[in-house]
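A short reminder: the numbers here are calculations on the coordinates, not readings from a lab. Keep in mind the model is a prediction, meaning the values are calculated, not measured. Here the Cβ positions follow ideal geometry from the backbone for every residue, glycine too, while neighbour counts run over all protein chains shown.
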Amino acid sequence: MMMGRRKSATLTEPQKKVLEILRDYQENMGFPPSIRDIQEKGKFSSTSVVNYYLERLETLGFIERSRQVSRGIRLLNGAPNELMRIPIVGRIFASEPVPIPSTDFSYMDAEHMVDVARNMLPAREKANELFALEVRGDSMIDAMIFDGDIVIMKPAKQARNGEMVAVWLSDKEETSLKYFFLEGGRVRLQPANPNMGPIYIDDPKTVKIQGKVVMVIRQVEKPM
């Protein structure tokens, strides 16, 4: 499982606007814009806000910067095309198993998408097969997954011991995000919170694995 960088592994709308300005300016002018150009073109409140977005884009691998020159911003090859849109299909509870309507695992509308830089995903994963779930609860905090975070999942029906999975408990119509273990004919769903104990399921057939976690996306922090 990969962990997104602390602030976000996704692009916000302002970050996407900065990328678009960089691309258009380079194509039309033949050289990169200055930070002041980006501020004026994008109608940002200050150059410090623009610099914050540029730092995020650099961290995510979309641009390179040379701070010794005023226009030292370079789009990396293919950067605007490396943004993958992954559907957020519902919510998953990192707590005691919680009943939810079955529709929570159905696809939401087009607005419920998360944009992820392709180079942040494991190379072996096919982005068009992935889906995302919004986390509720704090049972996985020692795995650095907090309430409100987004987990990127790959579909799976089986899991190996120790893998983090989204499960549906069919007999109780409950869902949960936990580490999976099959031990002595029963399933142990292990939280990553020292204040919570494991959940034991005597009948493994009632544990329906929905997917495995491949990446975690933090809540986006806003610039000051």
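Can you tell me the relative contact order of segment 8-80? Whole percent, Cα pairs under 8 Å, sequence separation 6 or more.
Numbers: 74 pairs, mean separation 21.8, N = 73.
Computed over segment 8-80, the figure is 30 percent.
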Label-point separation (nm) for MET113 and ASN161, each offset 7 Å from Cα along Cα-to-Cβ?
4.2
Can you work out the FRET efficiency for the pair ARG36 and PHE146, with r the C-beta to C-beta distance and R0 = 41 Å, to the nearest 0.05?
0.65
Can you give me the distance in nm between label points at THR59 and ARG91, each placed 7 Å from the Cα along the Cα-to-Cβ direction?
2.7
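If R₀ is 45 angstrom, what is the calculated FRET efficiency for the pair LYS43 and ASN195, using the beta carbon separation as r and rounding to 0.05?
Plugging the Cβ-Cβ distance into 1/(1 + (r/R0)^6) gives 0.45.
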